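Novice: Shown below is the structure under consideration.
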Ligand SMILES: *Cc1c(COP(=O)(O)O)cnc(C)c1O
């Protein structure tokens, strides 16, 4: 398991709560102010010039993210998709990106519908198979792109193993760490070049702002990403950065409750006669439990279950829940339920859905911070209503 507190730093809760510099020494303000200014007087001591290329609220958030990820640099963006765009924009025509076949749908769409037009090619493999490692060696891609756990089947990829093979060929590895956050998994420690997060999800945690972030130890990559931020206009708003900064302060606390709830609900669901099977990374029935335990601090807050019955029963079950809102997204303090086949993965063609194992009976839960007994009662009443 990853060391929660490397290099003798203060503990994770302390690092998440103390945001460092707040640019307000004259007032003694405890919370950082919001700096909505689009421009800054030339020659100011902090070197700000124009908010598209930097702002005090970006810098406060970046220093917090670097502190919890334990990395040298981080850069912030308007959304997770903006962060993905920033990385993809560093590629050139003819480059090939070797991607995990079950990436987040909007990442797939960006590569296939946008960057393909600029000559960037993709190849899709199942990174849980040994052949995928050979593919890295034989095709020598310009970049490797992973996600672990994957959405919605929570497949676990051995990040360290992939990074070792890729780095021996000098190939950068991007890990989309949105489902885990650096509290649960730190890809840079496992050898990744870039650790990307949609801060919209767990990091902000209150479903009221969008954001993305990329962490790295590599100065050259940081320069490329800052260039993309200003050249492509991918910067976040100061207000959203301020909200996300506030959100991070309770991230370790929120996750503690979410993970405890999720682990207990996973066990309840697994016993339920209306459930065929469930996926939860730390359960012994998960096919890659050993890898999960090696690289993750806990099993996380997402559970995927296959409900028995037909597609209509599954849909009715989702709608019959009272404490779980049926909605896209994840990671907030409120519990959500999602029907991947018709929601997050609606745009994936049916052959691919079948290949990935996403069928009409699959349900994905993002477990929130509510009382565990209320969530369990809710699941039981929804099953009872839709028998
Ligand atoms: C939501 C999500 C994104 C995209 O983030 P946005 O902030 O919605 O743009 C990227 N990757 C994963 C795994 C996500 O869940």
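Novice: For 378, 240, what's the fewest-to-most ordering of other Cβ within 10 Å of each Cβ?
Specialist: Numbers: 378 18, 240 23.
By the 10 Å Cβ count, ascending, the order reads 378, 240.
Novice: In Å, the Kirkwood hydrodynamic radius of the chain over pairs of distinct alpha carbons?
Specialist: About 21.5 Å for the chain.
Novice: Between residue 17 and residue 355, what length in nm is gained on full extension when 0.36 nm per residue of separation is reduced by their alpha carbon distance? Show your work: numbers first, answer last.
Specialist: Working: separation 338, 0.36 × 338 = 121.68 nm, distance 4.32 nm.
In short, 117.4 nm is gained.
Novice: Okay, next question. Can you put 221, 277 in order of Cβ neighbours within 10 angstrom, beginning with the fewest?
Specialist: Fewest-to-most Cβ neighbours within 10 Å comes out as 277, 221.
Novice: Ordered by packing density, taken as the mean number of other Cβ atoms within 10 Å over each peptide's residues, highest first, how do 38-45, 304-311 rank?
Specialist: Descending packing order for the listed peptides: 304-311, 38-45.
Novice: Next question, about the same structure. Based on the alpha-carbon gyration tensor of the stretch 1-92 and its eigenvalue square roots a ≥ b ≥ c, which shape applies: rounded if a/c is under 1.5, prolate if not and a/b is larger than b/c, or oblate?
Specialist: Because a/c hits 1.5 or more and a/b fails to exceed b/c, the stretch 1-92 counts as oblate.
Novice: Continuing with the same structure: For helix 238-248, report the angle its Cα long axis makes with the longest principal axis of the Cα atoms of the chain; keep it between 0 and 90° and round to the nearest 10°.
Specialist: Between helix and principal axis, roughly 60 degrees.
Novice: Taking Cα centroids, how far is the stretch 172-230 from the stretch 103-153 in Å?
Specialist: If you average the Cα positions of each part, the centres end up 17 Å apart.
Novice: Kindly rank 187-193, 226-232, 351-357 from highest to lowest mean number of other beta carbons found within 10 Å of each residue.
Specialist: Going from most to least packed, we get 187-193, 226-232, 351-357.
Novice: Using square roots of five times the C-alpha gyration tensor eigenvalues, list the equivalent-ellipsoid semi-axes of the stretch 250-346 in whole Å, biggest first.
Specialist: Over the Cα atoms of the stretch 250-346, the ellipsoid semi-axes are 23, 17, 12 Å.
Novice: Calculate, for residue 290 and residue 42, the FRET efficiency according to 1/(1 + (r/R0)^6) with r their C-beta to C-beta distance and R0 51 Å; round to the nearest 0.05. Write down the numbers at each step before the final one.
Specialist: Values: r = 57 Å, r/R0 = 1.11.
Using R0 = 51 Å, I get an efficiency of 0.35.
Novice: Could I ask something else about it? Return the calculated 222 nm mean residue ellipticity for the chain, to the nearest 500 deg cm²/dmol, obtained by summing -39500 (n - 2.57) across DSSP H runs with n ≥ 4 and dividing by the residue count.
Specialist: My calculation for the chain gives -10500 deg cm²/dmol from helical runs alone.
Novice: Please report, to one decimal in angstroms, the Kirkwood hydrodynamic radius of the stretch 183-287 built from all distinct Cα-Cα pairs. Display every interim value, and only then the final one.
Specialist: Working: mean 1/r = 0.0606 Å⁻¹.
For the stretch 183-287, inverting the mean 1/r across all distinct Cα pairs yields 16.5 Å.
Novice: Which peptide among 101-111, 61-71 comes first, and what is the full order, when sorted by highest mean count of other Cβ atoms within 10 Å?
Specialist: 61-71, 101-111
Novice: May I pose another question? Exposure proxy check: 349, 126, 208 ranked by fewest other beta carbons within 10 Å?
Specialist: Going from least to most buried by this count: 349, 208, 126.
Novice: Let me know the shape class of the stretch 102-171, please: from the alpha-carbon gyration tensor, a ≥ b ≥ c as square roots of the eigenvalues, rounded when a/c is under 1.5, otherwise prolate if a/b is greater than b/c, or oblate.
Specialist: Details: a/c = 2.24, a/b = 1.16, b/c = 1.93.
Cα axes put the stretch 102-171 in the oblate bin.
Novice: Where does helix 159-168 land angle-wise versus the long Cα axis of the chain, in degrees 0 to 90, nearest 10?
Specialist: 50 degrees
Novice: May I pose another question? Using alpha carbons only, how many degrees (0 to 90, rounded to 10) separate the axis of helix 130-139 from the longest principal axis of the chain?
Specialist: On a 0 to 90 degree scale, this one is about 40.
Novice: Given a cut-off of under 8 Å on Cα pairs at least six residues apart, what relative contact order in percent is computed for the stretch 6-248?
Specialist: Value for the stretch 6-248: 26 percent.
Rule-based calculations on the coordinates, nothing more; no lab input. This is a predicted model, so every value here is computed, not measured. When we count neighbours, we look across all protein chains shown, and the Cβ atoms used for this are built from the backbone with ideal geometry, even at glycine.
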